[in-house]
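Working notes, structure below.
What follows is calculated from the coordinates using simple rules that are stated; it is not laboratory data. Here the structure is a predicted model, which means the values were calculated and not measured. Every residue, glycine as well, gets a Cβ built from its backbone with ideal geometry; the counts of neighbours run over all protein chains shown.
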Amino acid sequence: MNEPVTVSRLSVVKPAACTASRRDAGLLAILLLLLPLLRLFINQVGDFDLHFDEAQYWEWSQQLDWSYYSKGPLVAWLIALSTALFGQGEWQVRLFAWLAYDAFLVLLFVFARQLWQSRRAGWWAVALGLTTPLYFPLGQVMTTDVLLFVCWTWALWAAWRVLDQRQAVAWYELGAAVGLGSLTKLSIGLLPFFLGLGLLLTPAGRRELRHWPPWGGVLLMLLLFSPVILWNMGHDWVMFRHEQGHVVGVADAAGAWGKLRELLEFLAGQFLVLSPLVAAALLHTQRRPPRPPGQRLLWGLSLAVLALFLAKATVSKVQLNWPAPAYIGLLILFAGQIDLLHARWRSLVVVGMATSVLLVSIALFPSLVGWSPAKAPFRDLRLWEQPVRDVARQAGAVDFLMVPRYHLAGELAFYWPTRVSVYLVGDGRRFSQHDLWPAIDREAGRTGVYVTTEERLSPWVQHAFTACHALRPTPAVTADGRTIRTLHAWRCENHEPSARPTPKTY
């Protein structure tokens, strides 16, 4: 009787020969065509409005530039293109996110197939990309994350082909992938940082750096990144000041127990967004470094990035999505090992994937199980348009809008029936893109509306206008009668410019 293959024998098992065929290409093409249609169905049936980050990027797309306060310009450029082609609306804003997710799956398939010389590994990688709760929901919305996943996977694939397959031309692909990724999110810099550090620490790596191709890749990366650098030179390096807070972090004042609780929440959250059963199997396979150098490269880079976020989580809060790119390399390694696992572990993986699909479906459509959308995940994507339009009907004709935080600014700008300027006037807030645009002083003598989710009128607003009249509060009420949020608004007449509260942090 044959002994089942276990993880302890993975390093000595030779993968099956790659037998990718036209059938694989056809199946992948069908999947890639159906996925955007599925996302359109989710968008329409789920009645999802824009998330405040999407609305913020849409605001940016209305004033195109070479870069922006907190992110590179690529997300705004793509939104501007899709809305110029197809008009204004939620699916138009999200179109390139859906297409980018398709590209992400293609890269997973090709990379895993080449790494393991196995078409089944490619399909397992696609299955993991589809069912991991961390990736599918982030591919539904137009934020920088899904664009980062594409560039990170491409860069990782290029790094593997450079150092394991000795394809020197892939250095230029690596530079292009990181350069494009830097137009999306600066955290892609972690990949070349740890890769470069690893090269400097090994004799073979230092020999590699004596040749031209690595530096040609660096020059290409800098060329693509140059719009961001040049823009920041003219704007007091605001993006780098903003990112400095993410890198250095601000120590929490919650005390030792509070920090421990946040750390435990971070660790538990990572298991949840990876799917607990799949995460358990992944840990089972990745607990030791693999022997093949190419696999060890992916393993080391992924764990180095994860270790950085884990260290940061010990001193300050880390968002659940921040470590997401680091898992890509581990999932590609895992994809080639699933067929080699004991049957019980394989069953665990399949059950974990099915459970993830079920849980994501419930999170997207909570009413299927009697769960109120007001208490379910993704509530920040629900019920923005109607309340904003209700406020607009009460306010009548106005010249501009005011909000205390950027989270509201984009939603009001997108859903207000007419195009009007939105200004941030809150105290105690951090800098945002609005601080780089024309100030409210240019609205002297005009009428505006102040909108907030709080029940009080800003003292500065109250003194900066001749009169402010409260409008009727407008709740965002779900079908089951629950309130997600309430918009409070005041119509303010005759703006009198005066010194405004200024943000203190980036």
### Query
Roughly what would the spin-label model give for residue 223 and residue 320, points 7 Å off Cα along C-beta, in nm?
4.1
### Task
Counting only C-alpha contacts under 8 Å and six or more residues apart, can you give the relative contact order of the chain as a whole percent?
17
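Stretched out fully, how many nm does the piece from residue 454 to residue 311 gain, at 0.36 nm a residue minus the Cα gap?
On the way: separation 143, 0.36 × 143 = 51.48 nm, distance 3.54 nm.
Here the segment from residue 454 to residue 311 would lengthen by 47.9 nm.
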### Message
Angle check, please: helix 293-313 long axis (alpha carbons) against the longest principal axis of the chain (alpha carbons), in degrees 0 to 90, nearest 10.
### Response
30
### Cβ charges +1 (Lys, Arg) and -1 (Asp, Glu), total dipole of the stretch 431-501, debye
160
### Query
Just going by the charge dipole of the chain, with Lys and Arg at +1 and Asp and Glu at -1 on Cβ, which of 92, 174, 283 is farthest out on the positive end?
283
### Virtual spin-label span in nm between residue 21 and residue 361, 7 Å along Cα→Cβ
3.0
### Message
How much of the pair distance distribution for the chain lies past 42 Å, counting alpha-carbon pairs only, in percent?
### Response
23
### Query
Taking the Cα-to-Cβ direction at residue 407 and at residue 427 and moving 7 Å from each Cα, how far apart do the two end points lie in nm?
2.0
### Query
Mind checking the dipole of the chain: about its Cα centre, +1 per Lys or Arg Cβ, -1 per Asp or Glu Cβ, Debye to the nearest 20?
1740
## Note on the structure
Diffing the stretch 359-370: the Karplus 3J(HN,Hα) column from phi (6.51, -1.76, 1.60, θ = phi - 60°), in whole Hz with x for Gly and Pro, holds 5, 5, 4, 5, 5, 6, 10, x, 5, 4, 10, x
### Task
Take the alpha carbon atoms of the stretch 39-109, find their center, do the same for the stretch 190-244, and report the distance between the two centers in whole angstrom.
27
### Summary
In whole Hz, the Karplus estimates of ³J(HN,Hα) for the stretch 61-72 (6.51, -1.76, 1.60; θ = phi - 60°; x where Gly or Pro) are 5, 7, 9, 4, 8, 7, 6, 9, 3, 10, 9, x
## Note on the structure
Between residue 504 and residue 287, the FRET efficiency computed from the C-beta separation at R0 = 60 Å comes out, to the nearest 0.05, as 0.85
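Per 0.36 nm of contour for each residue apart, how much would the distance between residue 344 and residue 34 grow if the chain were fully extended, relative to their Cα-Cα spacing? Can you show the working numbers first?
On the way: separation 310, 0.36 × 310 = 111.60 nm, distance 3.18 nm.
Between residue 344 and residue 34, full extension yields 108.4 nm more.
Gain in length, residue 257 to residue 169, computed as 0.36 nm per residue apart minus the alpha-carbon separation, to one decimal in nm?
Numbers: separation 88, 0.36 × 88 = 31.68 nm, distance 5.06 nm.
Extra length available between residue 257 and residue 169 comes to 26.6 nm.
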### Query
If you find the alpha carbon centre of the stretch 428-495 and of the stretch 130-162, how far apart are they in angstrom?
37
### Task
Work out, in µm²/s and without decimals, the Stokes-Einstein translational diffusion coefficient of the stretch 43-178 at 37 °C, 0.692 mPa s, Rh from Kirkwood over C-alpha pairs.
203
### Message
What's the magnitude of the charge dipole for the stretch 383-495 around its Cα centre, counting Lys and Arg as +1 and Asp and Glu as -1 at the beta-carbon? Answer in Debye, nearest 20.
### Response
100
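Please sort 384-390, 366-372 by packing, taking for each peptide the average over its residues of neighbouring beta carbons within 10 angstrom, highest first.
With the highest mean Cβ count within 10 Å placed first, the list reads 384-390, 366-372.
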### Scaled radius of gyration (Cα, divided by 2.2 N^0.38 Å) that the stretch 383-495 gives
1.01
### Query
Relative to the longest principal Cα axis of the chain, at what angle does helix 385-395 sit, 0 to 90 degrees, rounded to 10?
10
### Query
What list do you get for 212, 152 if you sort them by fewest beta carbons within 10 Å?
212, 152
### Message
Through the Karplus equation 6.51 cos²θ - 1.76 cosθ + 1.60, θ set to phi - 60°, convert the phi angles of the stretch 203-211 into ³J(HN,Hα) values in whole Hz; use x for Gly and Pro.
### Response
x, 5, x, 5, 5, 4, 6, 7, 9
#### Entry: Other-chain or far-sequence residues with amide H under 5 Å of residue 402's (modelled H)
423, 449, 450, 451
### Query
How far is helix 119-131 tilted, in degrees, relative to the longest principal axis of the Cα atoms in the chain, given as a value from 0 to 90 rounded to the nearest 10?
20
